[in-house]
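S.K.: Have a look at this one.
What follows draws every value from the coordinates through simple rules; no lab data is involved. Fair warning: this is a prediction, and the values are worked out from it, not measured in the lab. As a convention, Cβ positions derive from the backbone with ideal geometry for all residues, glycine included, and neighbour counts pool all protein chains shown.
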Amino acid sequence: MAPWDLLTESINKYTGLSPTAFFTILALMFVTYKVVSGMFVAANDYTAVKRENEFVLREPVQMGDVTEAELRAYDGSDPNKPLLMAIKGQIYDVSRSRMFYGPGGPYALFAGRDASRALALMSFEPKDLTGNIEGLSASELEVLQDWEYKFMEKYVKVGQIVGEKTVSTKENEVEIQSTEHDGDGFKETES
Ligand code: HEM
């Protein structure tokens, strides 16, 4: 007897199913297994996530004036740097909420940025990942205000965003020019 005939006969004998029904059930079981196992984290990923969570939480350190470009380095990708996020130009240390803002977290896209516009609009669009809040409606600004209150209450403010810093010399004096955030834009200041 050919192996295939032997196989189909055995399937029928031991399961009472026709070979078609048997293989259909087998395929469905395989698909179900794949779908269900896909809902769980693989062992290697689990170890990576666990290691990620083992980072040391440090006391917030005051940063002072920080440019938007400088802030980008504090997105949690370097475990030795604090995790920072800004609202309305004010920078907060959100390291304690690494599960939200750290790499792989649901709100990681806000880390290292002023996310005012995205928060006001409740948006995850990359174009809204900015501190520019021009043109927002009163209700959107109110949403943003609520976020700001939440952050003020929960996190330590560690600095503020300034425009690009330029260093120039005038009559042997070193002068640092920067721009300060004044609500919805930047204004020039000198020190
Ligand atoms: C389906 C929609 C959403 C659900 C179910 C959801 C759910 C949650 C939950 C359960 C938390 C944790 C709250 C806590 O423990 O304090 C949270 C936090 C947060 N959500 Fe959402 N969220 C949603 C949409 C959004 C959107 C659209 C935004 C903004 C664009 C957003 C921004 C945030 C932020 C920034 C936090 C962290 C706040 C903190 O640092 O304490 N969420 N969200």
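S.K.: Order these by the 10 Å Cβ neighbour count, fewest first: 130, 24.
M.R.: Fewest to most other Cβ atoms nearby, the residues stand as 24, 130.
S.K.: Which whole-angstrom value gives the distance between the alpha carbon centres of the stretch 100-168 and the stretch 7-71?
M.R.: Cα centroid of the stretch 100-168 versus Cα centroid of the stretch 7-71: 32 Å apart.
S.K.: On full extension of the chain, what length is gained from residue 137 through residue 99, given 0.36 nm per residue of separation minus the C-alpha to C-alpha distance?
M.R.: 10.6 nm
S.K.: More than 16 angstrom separation, counting every C-alpha pair in the stretch 86-139; what % is that?
M.R.: So the portion of pairs separated by more than 16 Å is 40 percent.
S.K.: Please arrange 154, 81 by counting, for each residue, the other beta carbons lying within 10 Å of its beta carbon, fewest first. Intermediate values should be presented prior to the final figure.
M.R.: Values: 154 11, 81 15.
The order, fewest Cβ neighbours first, is 154, 81.
S.K.: Note down the nm distance, to one decimal, between modelled labels 7 Å out along Cα→Cβ at residue 56 and at residue 37.
M.R.: It is 4.0 nm.
S.K.: Next question. Three principal axis extents, largest first, for the C-alpha atoms of the stretch 57-161, in Å?
M.R.: In descending order, the Cα extents are 39, 26, 24 Å.
S.K.: So who's got an amide H within less than 5 Å of the one on residue 65, skipping anything under 5 residues away but keeping other chains? H placed 1.01 Å off N, in plane.
M.R.: It is 160, by chain and number.
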